[in-house]
Structures are given as structure tokens and as C-alpha cells.
Amino acid sequence: MNTQILKQQAGETAAQFVESGMVIGLGTGSTAIFATRRIAQLLHSGELCDIIAIPTSLATEADARELGIPLSTLERHPRIDLTIDGADEVDPDFNVIKGGGGALLREKIVAQATERLVIVVDASKLSQQLGTNWAVPVEVFPFGWHSQAAFLRDLGAGVVLRDSGEDPFQTDQGNIILDCNFGLIADPARLSQTLNARAGIAEHGLFIGMARDVIVAGAEGIRHLRKA
């Protein structure tokens with residue numbers, strides 16, 4: 001089945017969790033956009049009302065404005081009822097690698113403020129162990145970034161500076177991303193703690209213990225996986 005169709009199915013299914021009166025987080029990426037579009041449709045049809053949305057990136061903010069979704073900020077609404085976001089890889093414990101689209105810092109800030117984080121993926125994003133199919137994006141400050149790359153290599157990662165043509169890719173915060181291939185990650189929580197403790201690392205793409213629901217679209221249909 002076409003991957004875009006699967007992404008659409010996952011995103012639109014997750015939009016069903018949104019209820020009138022909620023403050024919601026709008027994720028970033030090629031799957032989350034389908035949830036955002038479906039939420040806009042439900043608002044315009046009157047099936048939803050009184051929704052306030054917090055976007056996780058400038059790109060999502062632009063899409064939501066164009067779709068007519070009311071937006072606000074975490075300063076005004078520090079508690080989010082529900083966030084729908086995509087992922088690059090999901091393990092059986094619902095630990096997640098995110099950041100393929102470069103919005104990992106804002107995505108994690110929104111996720112931490114969220115009561116219920118719903119991850120939407122196609123079946124190819126599931127793996128038995130993080131690091132099977134995806135490197136860990138690490139957002140670092142431009143100042144002294146070579147020292148961060150050396151630190152990450154010392155941890156055993158293959159490090160690649162993400163670029164956007166001739167220049168390094170720049171995040172919404174003006175930082176750069178090092179894509180770090182650690183291979184199979186035996187202890188994602190421990191690696192997360194190690195990266196958290198390093199000055200110069202703004203954020204990383206390991207989302208540990210945050211997701212409560214995973215909506216998976218595959219050839220066999222839609223599955224709703226729930227955290228025990």
C-alpha cells in the first residue's frame with residue numbers, strides 16, 4: 001500500500017481523539033500534517049469547536065494558520081490536553097526517535113507539557129529496538145559544535161552534520177543538527193540522560209516514556225497501541 005495513504009490513515013484516525021474545548025499540540029512532519037488537516041475539516045464542519053492549538057514548528061504554524069485553526073502559545077496555555085505527532089522509529093515500550101524533520105526541540109517542549117501524547121506512524125516505523133533503522137538527531141548550538149561532534153563520536157556514534165544543500169540545516173531556533181548513528185541502542189533512557197547532561201546539546205530526538213498511544217497504519221489496517 002502507498003506510504004502516503006498509510007500516513008493519511010494514521011493521522012486522520014488520531015484526529016478522532018480531539019474533543020471540543022481542548023488545547024491541542026499540532027505535530028510536525030509528513031504524517032502529523034494529515035491529523036492537522038483533519039482537525040481543520042472537523043472545525044469547519046462544526047463537529048469540533050473551541051479548539052486552541054499549539055504548533056510544534058514554524059512550518060506547522062504556517063499550515064495551521066492557512067487551514068484556519070485557532071493558535072496560541074505555551075505562555076498562555078502551559079497545559080496541553082492532547083498532542084498528535086509523528087515519529088521516525090518506535091520501540092515496543094513506546095520509546096521514540098523523533099527529529100527527522102528538524103523540529104525535535106519544540107516537539108519535546110510541547111510533549112512535556114501534554115497530558116496525552118499520541119504518536120502516528122505507518123508500520124515501517126516500528127522496530128524491536130531503537131537505532132535499528134534511524135539515527136538519533138541531536139540539536140546543538142553552533143558555538144563549539146565540533147566539540148559536541150567529538151563527544152558524540154566518543155560515545156560510539158557515527159556523526160553526520162545535517163545539511164540543506166550547501167549550508168548546514170538550521171532549526172527554528174537557529175541551531176544545527178548532528179545525526180548520530182549509535183547502532184542498536186540497548187538502553188535508550190541511559191543514553192538520553194547522558195545527552196541531557198552535556199552542555200552545548202540543546203536537545204536530542206530520544207523521547208523516553210512520553211507516548212501513551214501509538215496509531216499504526218499498515219496493510220492489515222489501523223492498529224491502536226496503548227501504553228499499559
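Segment 139-213 holds strands (runs of 3 or more DSSP E) entirely within its bounds, and those carrying 1 or more residues that are surrounded by 15 or more Cβ atoms within 10 Å (Cβ to Cβ) and touching a residue at least 60 places away in the same chain (Cβ under 8 Å) map to 176-181, 201-204.
Kindly evaluate residue 218 against the criterion of being more than 30 Å from residue 9 (Cβ to Cβ) and not hydroxyl-bearing (Ser, Thr, Tyr).
no
For residue 35, indicate whether it is small (Gly, Ala, Ser), assigned to a helix (DSSP H, G or I), assigned by TED's automatic domain parsing to the domain that holds residue 110 and free of Cβ contacts under 8 Å to residues at least 40 places away in the same chain. No: the conditions fail for residue 35. Residues in segment 106-135 that are within 22 Å of residue 220 (Cα to Cα) and charged (D, E, K, R): 2 in all. Could you go through segment 204-213 and let me know if any residue there is more than 16 Å from the chain's Cα centre (by Cα) and not hydrophobic (A, V, I, L, M, F, W, C). Within segment 204-213 (the criterion being more than 16 Å from the chain's Cα centre (by Cα) and not hydrophobic (A, V, I, L, M, F, W, C)), the answer is no, since none of the residues qualifies. Scanning segment 106-136 for residues that are touching a residue at least 60 places away in the same chain (Cβ under 8 Å) and assigned to a loop (DSSP other than H, G, I, E, B) yields a total of 2.
Can you work out which of the residues in segment 49-105 that are of a type in the set (A, V, I, L, M, F, W, C) and in a loop (DSSP other than H, G, I, E, B) is surrounded by the fewest Cβ atoms within 10 Å (Cβ to Cβ)? So the residue we want is 49.
The values are calculated or read from the model by the stated rules, or taken from the named source; none is laboratory data. Just so it is clear, the model here is predicted, and its values are computed rather than measured. All Cβ positions, glycine included, derive from the backbone under ideal geometry; neighbour counts span all protein chains shown.
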